[in-house]
Every structure is written in structure tokens, then in C-alpha cells.
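A short worksheet on the structure shown next.
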Amino acid sequence: MKLEEALFEARPYVEYYERLESLVKRLWEESVDEKDFLQLLRGEIERAQEPFKTDLRIFLQKFEVL
């Protein structure tokens, strides 16, 4: 699953992995498709504070490459 792969790839680089995992899994469940998921994720990135914002950006980068 692309979501799990991206989490695995991002794990060494993120500071708050458990928080990231929880959030992206919740967004994945709420979204109707991958495009919707990315839109929700980008909205979370806009609202997030550092350093978690960087964790979200790292995950997004890994997700988009897959």
C-alpha cells in the first residue's frame, strides 16, 4: 500500500512519527480517493506548526514519489 510505503520511507527523517502516522491514516480513511487525500494533507500542512509541518512535508514528498 502506497501510504504504508511512504510512512516507511519517511520514518528515519521525521521527528514525530506516531503523530504523523495517526494523522495520515485518519486522512486516508476520510478521503474518497488519492487526490482528495493529497488535498486534505496539504490543508493540514498549511495549518501545522513547525517542526511537525516539516514532518508532513517529508511524508508528502515520499508519497508523491511512489
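The values are calculated or read from the model by the stated rules, or taken from the named source; none is laboratory data. All figures in this text were calculated on a predicted structure; none of them were measured in a lab. FYI the Cβ positions are ideal-geometry reconstructions off the backbone, even for glycines, and counts take in every protein chain you see. All accessible areas refer to the heavy atoms of the entire protein, side chains included, with ligands and DNA or RNA removed. Shrake-Rupley method; radii C 1.70, N 1.55, O 1.52, S 1.80 Å.
Basic side chains Lys and Arg get +1 at the Cβ, acidic Asp and Glu get -1 at the Cβ, and with that the dipole of the chain about its Cα centre reaches some 140 debye.
Heavy-atom accessible area, probed at 1.4 angstrom with all protein chains present, ranks VAL32, VAL14 as VAL32, VAL14, highest first.
Counting every alpha-carbon pair across the chain, the share separated by more than 19 Å comes to 19%. Computed on the chain, with alpha-carbon pairs under 8 angstrom and 6+ residues apart, the relative contact order is 51 percent.
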